[in-house]
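Peer 1: Mind having a look at this structure? Questions to follow.
Each reported figure results from applying straightforward, stated rules to the coordinates on display, with no laboratory input. Just so it is clear, the structure is predicted and the values come from calculations on it, not from any experiment. A quick note on method: Cβ atoms are made from the backbone with ideal geometry, for glycine too, and the neighbour counts reach across all protein chains shown.
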Amino acid sequence: MIIETKRLILRELNVGDARDFYDLNEDKEVLKYTGDVGFQDVEEAKTFLSGYSDYKKNGYGRWAVVLKESGRFLGWCGLKLNEEGLVDLGYRFFRNEWGKGYATESAIASLNYGFENLDLDDVIARSDRNNVASIKVIEKLGMEFWKNDECKGISNAVYYRIDKQSYIEKVIR
């Protein structure tokens, strides 16, 4: 376990998550704004998870988000050192879990961890401009619009960011 919140546990992803990871990425609505494609099968998801090296390389990564009371896999959330060398906050949840506050709760926990435990200076988040629900979560975190840019094949991506001091002032207080 990396982080515990009121309702959630965030932990490292592992090969035991392959079926859930595959199922999550099979939903076209879940992937609609991501630029990603689903896995061909559970074995491909297992291969991806077994080769996921962000924890060893960077000391953090995307974490499995599970419901504390049942251990049920809800999706993932966490920090990632992205292709631009920026620490990026991301999340993805099963569609039947949308609207329950899990993205916001796990994202706040991830930012807290990043600023308090990893001593990060700032964190960004990126979204397709049309992904209104994701942008609402990003803005609830106190992140401010930074720029429009391309992001992993998404030509109309919006970038948000927040620094440690602003986060403390806006969210922690």
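Peer 1: Those residues that are within 19 Å of LEU79 (Cα to Cα), touching a Lys or Arg at 6+ places or on another chain (Cβ under 8 Å) and not β-branched (Val, Ile, Thr), I need them from the stretch 1-24; list them, please.
Peer 2: Residues satisfying the conditions are MET1, GLU4, LEU8, LEU13, LEU24.
Peer 1: Tally up the residues in the stretch 21-57 that are over 30 Å from GLU150 (Cβ atoms) and crowded, with 18+ Cβ neighbours inside 10 Å, please.
Peer 2: Residues that pass the stated criteria total 1.
Peer 1: Starting from the stretch 25-41, keep only residues that are of a type in the set (A, V, I, L, M), then list their pairs with residues that are surrounded by fewer than 12 Cβ atoms within 10 Å (Cβ to Cβ) whose Cβ atoms are within a distance under 8 Å, requiring at least 6 positions of separation or different chains.
Peer 2: The qualifying pairs are LEU31/VAL37.
Peer 1: Would you please name the residue that is farthest from TYR159 (Cα to Cα), looking only at residues in the stretch 67-86 that are of a type in the set (A, V, I, L, M, F, W, C) and surrounded by fewer than 20 Cβ atoms within 10 Å (Cβ to Cβ)?
Peer 2: Of everything passing the filter in the stretch 67-86, LEU67 is farthest from TYR159 (Cα to Cα).
Peer 1: Check the stretch 60-79 and report whether any residue there is under 26 Å from ASP128 (Cα atoms), without any contact (Cβ under 8 Å) to a residue 40 or more places away in the chain and out of contact with any Gly (no Cβ under 8 Å at 6 or more places or on another chain).
Peer 2: No, there is no match, as no residue in the stretch 60-79 is under 26 Å from ASP128 (Cα atoms), without any contact (Cβ under 8 Å) to a residue 40 or more places away in the chain and out of contact with any Gly (no Cβ under 8 Å at 6 or more places or on another chain).
Peer 1: Ok, one more. Hey, can you tell me all the residues within the stretch 122-165 that are surrounded by fewer than 16 Cβ atoms within 10 Å (Cβ to Cβ) and among the basic types (Lys, Arg)?
Peer 2: ARG129, LYS136, LYS140, LYS147, LYS152
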